[in-house]
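**Student:** To start, I am sharing the structure in question, which I have written as structure tokens.
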Amino acid sequence: EPLALVLARTATDAKRFAGLNVPEDRIVVSGNIKYDLEVDRRPLPWESDVRTVAGDRPIIVAGSTMEGEEIQVLDALAGLGNNGATPFLILAPRHPERFDAVARLLTDRGLAVARRSGGEAIPSDTDVFLIDTIGELARAYRLAQVAFIGGSLVPTGGHNPLEPAIWGVPVLSGPQVHNFQEVYDEMADAGGARLV
């Protein structure tokens, strides 16, 4: 017997393993481990600065963005402002090798950017806080009124929408979410996510 135990995500998956002649007493429906997130409540050293600079503007966190997605996010946000008060954007590109290029894209569009790697206080005229470090995005989602999950406007397959959802933050994603399709289906049915 090649498999001692199968931990299946759903009853449907369990039936598939049974169809492969895995004995039913070796199949357990354990659920999706992607739901086993724990809230990380450690403070972010820049959190109060961001809240102060954002002021009354809503905070949008766009996380794990891929090449081409930042432009689409910026175009969408440009049309949202009331009386010139566009939302405050926290942007976290997926790949570190793109941090400098994304910073240039932002400044080329005339946006005032503060980079996390700078470590200084965030200037009061900042439009975008660029998380160009690793390890803080999951906690940054707690600041958002809405989160956009990248890797979904390009054929990457999307990233984990549960990171903002654990904070009660609604999620927007593009249509390319096949890596997390089951999670997105459940979140969309519950009104917690929308594909755009």
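**Student:** Kindly check whether there is at least one residue in region 136-146 that is touching a His at 6+ places or on another chain (Cβ under 7 Å), farther than 16 Å from Arg51 by Cα and either open to solvent by 40 Å² or more (accessible area, probe 1.4 Å) or of a type in the set (A, V, I, L, M, F, W, C) (or both).
**Tutor:** No: region 136-146 contains no residue that is touching a His at 6+ places or on another chain (Cβ under 7 Å), farther than 16 Å from Arg51 by Cα and either open to solvent by 40 Å² or more (accessible area, probe 1.4 Å) or of a type in the set (A, V, I, L, M, F, W, C) (or both).
**Student:** Let me ask something additional. Here are the criteria: (1) touching a Lys or Arg at 6+ places or on another chain (Cβ under 7 Å); (2) under 30 Å from Ala114 (Cβ atoms); (3) of a type in the set (Val, Ile, Thr). Tell me which single one Val6 does not satisfy.
**Tutor:** (2)
**Student:** Moving on. Within the group Leu111, Leu74, Leu105, which residue is part of a helix (DSSP H, G or I), more than 19 Å from the chain's Cα centre (by Cα) and in contact (Cβ under 8 Å) with a residue 24 or more places away in the chain?
**Tutor:** Leu105
**Student:** Among (1) assigned to a strand (DSSP E or B); (2) at pLDDT below 95, there is one condition Ala62 misses while meeting the rest; what is its number?
**Tutor:** The single condition Ala62 does not satisfy is (2).
**Student:** Could you tell me whether region 70-88 includes any residue that is touching an Asp or Glu at 6+ places or on another chain (Cβ under 9 Å), modelled with pLDDT of 95 or more and either under 30 Å from Asp185 (Cα atoms) or open to solvent by 50 Å² or more (accessible area, probe 1.4 Å) (or both)?
**Tutor:** Within region 70-88, one or more residues are touching an Asp or Glu at 6+ places or on another chain (Cβ under 9 Å), modelled with pLDDT of 95 or more and either under 30 Å from Asp185 (Cα atoms) or open to solvent by 50 Å² or more (accessible area, probe 1.4 Å) (or both).
**Student:** Cβ contacts < 9 Å: first residue in contact (Cβ under 8 Å) with a residue 12 or more places away in the chain, restricted to region 120-135; second residue hydroxyl-bearing (Ser, Thr, Tyr) and open to solvent by less than 60 Å² (accessible area, probe 1.4 Å), any location; separation 6+ or different chain. Result?
**Tutor:** Filtered contacts from region 120-135: Asp127/Thr86.
**Student:** Let me ask something else. Among the numbered conditions (1) exposed (fewer than 15 other Cβ atoms within 10 Å of the Cβ); (2) in a loop (DSSP other than H, G, I, E, B); (3) on the phi < 0 side of the Ramachandran plot, tell me where Arg57 comes up short.
**Tutor:** That leaves (1) as the condition not met.
Every residue, every condition in (1) open to solvent by less than 20 Å² (accessible area, probe 1.4 Å); (2) modelled with pLDDT under 95; (3) in contact with a strand residue (DSSP E or B) (Cβ under 9 Å, 6 or more places away or on another chain); (4) on the phi < 0 side of the Ramachandran plot, yes or no:
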{"position": "Lys15", "(1), (2), (3), (4)": "no, no, yes, yes"}
{"position": "Glu24", "(1), (2), (3), (4)": "no, yes, no, yes"}
{"position": "Glu38", "(1), (2), (3), (4)": "no, yes, no, yes"}
{"position": "Trp46", "(1), (2), (3), (4)": "yes, no, yes, yes"}
{"position": "Glu67", "(1), (2), (3), (4)": "no, no, yes, yes"}
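**Student:** Take the residues in region 148-196 that are aliphatic (A, V, I, L, M) and part of a loop (DSSP other than H, G, I, E, B); name whichever of them is surrounded by the most Cβ atoms within 10 Å (Cβ to Cβ).
**Tutor:** Val177
The values are calculated or read from the model by the stated rules, or taken from the named source; none is laboratory data. Note that the structure is a prediction, hence the values are computed from the model and not measured. Glycine also receives a Cβ, built like all others from the backbone with ideal geometry; neighbour counts cover every protein chain displayed. Note: accessible area is taken over every heavy atom of the protein model, side chains too, but ligands, DNA and RNA are not part of it. Shrake-Rupley method; radii C 1.70, N 1.55, O 1.52, S 1.80 Å.
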